[in-house]
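Asker: Before I ask anything, let me first share the structure, which is written out below as structure tokens.
The values are calculated or read from the model by the stated rules, or taken from the named source; none is laboratory data. Quick caveat, the model's predicted, so the values are computed rather than measured. Virtual Cβ from ideal backbone geometry, glycine too; neighbours counted across all protein chains shown. Surface areas here come from the heavy atoms of the whole protein model, side chains and all, with no ligands, DNA or RNA. Shrake-Rupley method; radii C 1.70, N 1.55, O 1.52, S 1.80 Å.
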Amino acid sequence: MSRYTRPVPADARLDPRSRRARTEPMAVAPLGSGRYAVATEHGSYLVDVPEHRCTCPDHAFRGKRCKHRRRVAIEITEGAVPPPGHVAAGCAVCGTTTFVHRDAPRPHLCDRHALSRGDLATDRETGATVLVVGVSPRRADEVRIESHDCTVAEYETNRGYPPDDPVVTAVFPGGAEFDDGTTPDSLRVYSFPMSRLRRLDAGQA
């Protein structure tokens, strides 16, 4: 486990322990159940985040919030290690490491590719806006489009996307603006490889 320092923000006003927590070489490794191993130049210690404890003398004998507990908090806040109750997982679309709750259902997705029911997204092929109505753990090469007798992955405009992409179902919500009782669930539902869709943030919608 290689040790490293964390940068100190230029405008930070840090007390001595907080500064040492950033500037001293340490390595933090999650062990599960909210516990983290912290390796330093002088030894290794166990930090228990839920119990607010560390095995170092500074905490054990003086009851201080030691630099090791502070370093773990920094690593969690800055996204270097998963928070308690979370594990590292590869995004099902791009493979990027992301932190998910240990009981989170698949597919695991990074912030860039995460889509949920109710999200608006852009279809990269047409530029049209779609409304997400479902996210499936099944792969694009497993889900068939019966009307075209092919899988989602085999569909002509989807062939440039990974065949193991999770499948997203969505509708083109144009009819939803009319006061005729039309709802997204009553519109025709289309299946897409997830990476074909780009989520629209609130400011873009």
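Asker: Anything in the stretch 83-94 that is hydrophobic (A, V, I, L, M, F, W, C) and assigned to a loop (DSSP other than H, G, I, E, B)? List them, or say none.
Answerer: Of the stretch 83-94, the ones hydrophobic (A, V, I, L, M, F, W, C) are 87-89, 91-94.
Of everything in the stretch 83-94, those that are hydrophobic (A, V, I, L, M, F, W, C) and assigned to a loop (DSSP other than H, G, I, E, B) turn out to be Cys91, Ala92, Val93, Cys94.
Asker: I'd like the full set of residues that are touching a strand residue (DSSP E or B) at 6+ places or on another chain (Cβ under 7 Å) and under 13 Å from Pro193 (Cβ atoms), limited to the stretch 116-129.
Answerer: Of all residues in the stretch 116-129, those touching a strand residue (DSSP E or B) at 6+ places or on another chain (Cβ under 7 Å) come to 116-124, 129.
Matches in the stretch 116-129: Ala121, Asp123, Arg124.
Asker: Output yes when any residue across the stretch 141-152 is in contact with a helix residue (DSSP H, G or I) (Cβ under 7 Å, 6 or more places away or on another chain), part of a loop (DSSP other than H, G, I, E, B) and among the charged types (D, E, K, R), and no when none is. Show your work before the answer.
Answerer: Of all residues in the stretch 141-152, those in contact with a helix residue (DSSP H, G or I) (Cβ under 7 Å, 6 or more places away or on another chain) come to 152.
Filter again for part of a loop (DSSP other than H, G, I, E, B), leaving 152.
Now restrict to residues that are among the charged types (D, E, K, R): none.
No: zero hits.
Asker: Being part of a loop (DSSP other than H, G, I, E, B), crowded, with 19+ Cβ neighbours inside 10 Å and either free of Cβ contacts under 8 Å to residues at least 12 places away in the same chain or of a type in the set (Gly, Ala, Ser) (or both) is the requirement here; does Ala80 meet it?
Answerer: Details: part of a loop (DSSP other than H, G, I, E, B): yes; crowded, with 19+ Cβ neighbours inside 10 Å: no; either free of Cβ contacts under 8 Å to residues at least 12 places away in the same chain or of a type in the set (Gly, Ala, Ser) (or both): yes.
No, not satisfied.
Asker: To continue, here is another question. Mind listing just one residue for me: the one in the stretch 1-30 that is under 22 Å from Gly79 (Cβ atoms) and free of Cβ contacts under 8 Å to residues at least 12 places away in the same chain and, of those, least open to solvent (accessible area, probe 1.4 Å)?
Answerer: Ala12
Asker: Among the residues of the stretch 95-130, how many are open to solvent by 50 Å² or more (accessible area, probe 1.4 Å), in a loop (DSSP other than H, G, I, E, B), over 22 Å from Tyr190 (Cα atoms) and touching a residue at least 12 places away in the same chain (Cβ under 8 Å)?
Answerer: 4
Asker: For the stretch 160-171, indicate whether the set of residues that are more than 24 Å from the chain's Cα centre (by Cα), at pLDDT 90 or above and open to solvent by less than 30 Å² (accessible area, probe 1.4 Å) is non-empty.
Answerer: Looking for residues that are more than 24 Å from the chain's Cα centre (by Cα), at pLDDT 90 or above and open to solvent by less than 30 Å² (accessible area, probe 1.4 Å), one finds at least one in the stretch 160-171, hence yes.
Asker: Could I ask something else about it? If Val133 meets every condition in (1) under 22 Å from the mean Cα position of the chain (by Cα); (2) within 27 Å of Val171 (Cβ to Cβ); (3) not in a strand (DSSP E or B) apart from one, which number is that one?
Answerer: Single failed check for Val133: (3).
Asker: While we're on this one: I'd like the residue in the stretch 35-73 that is aromatic (Phe, Trp, Tyr) and farther than 13 Å from Glu24 by Cβ and, out of all such residues, is least open to solvent (accessible area, probe 1.4 Å). Lay out the reasoning, then the answer.
Answerer: First, the residues of the stretch 35-73 that are aromatic (Phe, Trp, Tyr): 36, 45, 61.
Checking the rest, the ones that are also farther than 13 Å from Glu24 by Cβ come to 36, 61.
Values: Tyr36: 4, Phe61: 170 Å².
Among residues in the stretch 35-73 that are aromatic (Phe, Trp, Tyr) and farther than 13 Å from Glu24 by Cβ, the one least open to solvent (accessible area, probe 1.4 Å) is Tyr36.
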